1. Scan the range 166-199 residue by residue and report those that are touching a Ser or Thr at 6+ places or on another chain (Cβ under 8 Å), touching a residue at least 40 places away in the same chain (Cβ under 8 Å), open to solvent by 50 Å² or more (accessible area, probe 1.4 Å) and more than 17 Å from CYS256 (Cα to Cα).
2. Restricting to the range 89-107, name every residue that is of a type in the set (A, V, I, L, M, F, W, C) and either within 20 Å of ARG350 (Cα to Cα) or out of contact with any Ser or Thr (no Cβ under 7 Å at 6 or more places or on another chain) (or both).
3. Mind checking which residues of the range 99-110 are open to solvent by 10 Å² or more (accessible area, probe 1.4 Å) and of a type outside the set (Ser, Thr, Tyr)?
4. Just for strands (runs of 3 or more DSSP E) wholly inside the range 347-406: which have at least 3 residues that are within 17 Å of GLU24 (Cα to Cα), open to solvent by 20 Å² or more (accessible area, probe 1.4 Å) and not hydrophobic (A, V, I, L, M, F, W, C)?
5. Among the numbered conditions (1) hydroxyl-bearing (Ser, Thr, Tyr); (2) buried (at least 21 other Cβ atoms within 10 Å of the Cβ); (3) assigned to a loop (DSSP other than H, G, I, E, B), tell me where SER231 comes up short.
6. Residue check, PHE321 against (1) modelled with pLDDT under 95; (2) crowded, with 22+ Cβ neighbours inside 10 Å; (3) within 14 Å of the chain's Cα centre (by Cα), all met but one. Which one?
7. Look through the range 1-14, keep the residues that are over 14 Å from the mean Cα position of the chain (by Cα) and hydrophobic (A, V, I, L, M, F, W, C), and return whichever of them is nearest to PRO197 (Cα to Cα).
Amino acid sequence: MERLLAPHEEAIDAAGIRLVLHTELDGDLDEATLAQALVHLHECYPLSAGRITTRAGEGRAIVRVEERAAAPVLGRGSDIREEISAPLDWEQGPLLRVSVVRDGRTRVVMTLPRAFADAMSYQALHQRLWTIYTALATGRPVPAEPVRPALGPALDDVLAARFTPSKLRDFVAERARLDTQAPPALLPALASQGGGPGTDLNFGITSVEAGPDLCEKLLQRARNASLSLNSLVSGALLTSLRTLFPTHGEPVRMLCTMAVDMRRRLTPPMPAEILQSAATTTSMRLWIDSRARPEDVGRNVAAQLRADLDSGAAAMELAAFPYMLDQHPPSLVITNVGTIAEPPLPQGLRISRVRLAPLGHVPMIFAVISRYQGRLTIDLTHSRAWYTETQIKELSGHLSATLDAT
């Protein structure tokens, strides 16, 4: 079983962008049981042992799932930074990498190519893994229903059928015109060298967390402003980033790219369990001055997002992906994961934290918003080949202060 990579999948694969889901556990983790659970997980998700290669004579990238491929093997590590930054060879496979990292804390780190995973499907995979683990640990029947289809159709093709090629070209040309008139501000890539990536090929994840009390206050503040929590936090992120641009109080043009789940917007809807990249993005252009409040910026973000969904612009960004590759890079990429459900676990074991992070050696800063066990977390992820720790720490400091003040 195989198919060609769609344009957006191929571009993500070429950039080497991975999606890491890492959990922190309290209690006694049985590694032998977890290794056994991976075998059963492979039976449910054959794509987990797939590989990305090229079709002979064509040079086009394909994803291939072989019937007799071995299940992913559980790895072990002692450094979380090394694990999330480990070199990967998706041509050899498997696509799914799972390791237990013990460095004073116990973490389970799952890594998939971003080309074949998104927040929805990754959470479903995560839930299935721990459901199987719990069944094995407690002697209950192991859920073995395979996820169908094992390899879904490319979202690019599904969405492109909605538009004519000329409409897509006009859409891209208008976006290019807007950015030529007022180029969006970018955080200087201080770790880069000669216009390209620097020598540090590690990834960084810096987290800003609001405990249950502060999270509830932020929720109430969002309701009072007739906003979603995601819109309010997006406003806080953008006003915090705005402080890093010294412009003497003048407005700064910013380009915010926001991930949009397309699964429930397809006909018929695509189940969350299907392992696939089924998210598009929509790009919002905003003028933000030094006095802007998170509520005001969040209201602007919410209005533009709603308009892009209603007009089909969000779908066009993915349908027109081959034309979008030369577009201006975003000031910030925001993904709202929503509330992460607690997986079922045997007595004596608890997952205290769950993180989801897109990581790639690209000159972009990713912000992932999630909630788990009543806490709000914003993970700022970046490549150290482009940005320094000092830059990201400064951004996280402004964000933390903005959330407290909000």
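1. Step one: of the range 166-199, the residues touching a Ser or Thr at 6+ places or on another chain (Cβ under 8 Å) are 175, 184-187, 190-191, 193, 197-198.
The next check asks that each one be touching a residue at least 40 places away in the same chain (Cβ under 8 Å); those that pass are 175, 184-187, 190-191, 197-198.
Then drop every residue that is not open to solvent by 50 Å² or more (accessible area, probe 1.4 Å), which leaves 186, 190, 197.
Listed by number, the residues that qualify are LEU190, PRO197.
2. Taking the range 89-107 first, the residues of a type in the set (A, V, I, L, M, F, W, C) are 90, 95-96, 98, 100-101.
The answer is TRP90, VAL98, VAL100, VAL101.
3. The initial filter retains those residues of the range 99-110 that are open to solvent by 10 Å² or more (accessible area, probe 1.4 Å), namely 102-107.
Matches in the range 99-110: ARG102, ASP103, GLY104, ARG105, ARG107.
4. Counting at least 3 such residues, we get 349-359.
5. (3)
6. Checking PHE321 against (1) modelled with pLDDT under 95; (2) crowded, with 22+ Cβ neighbours inside 10 Å; (3) within 14 Å of the chain's Cα centre (by Cα), the one that fails is (3).
7. ALA14
So that you can scan it fast, the table gives a plain yes or no per residue for (1) of a type in the set (Ser, Thr, Tyr); (2) modelled with pLDDT of 95 or more; (3) open to solvent by 60 Å² or more (accessible area, probe 1.4 Å); (4) closer than 20 Å to LEU29 by Cβ:
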| site | (1), (2), (3), (4) |
| --- | --- |
| GLU66 | no, no, yes, no |
| GLY75 | no, yes, no, yes |
| ARG81 | no, no, yes, no |
| ILE84 | no, yes, no, yes |
| ARG97 | no, yes, yes, yes |
| LEU112 | no, yes, no, no |
| PHE116 | no, no, no, no |
| TRP130 | no, yes, no, yes |
| ALA135 | no, yes, no, yes |
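The values are calculated or read from the model by the stated rules, or taken from the named source; none is laboratory data. As the structure is a prediction and not an experimental result, all values here were calculated from the model. With ideal geometry, Cβ positions are generated from the backbone for all residues, glycine too; neighbour counts draw on all protein chains shown. Note: areas computed on protein heavy atoms with side chains; ligands, DNA, RNA excluded. Shrake-Rupley method; radii C 1.70, N 1.55, O 1.52, S 1.80 Å.
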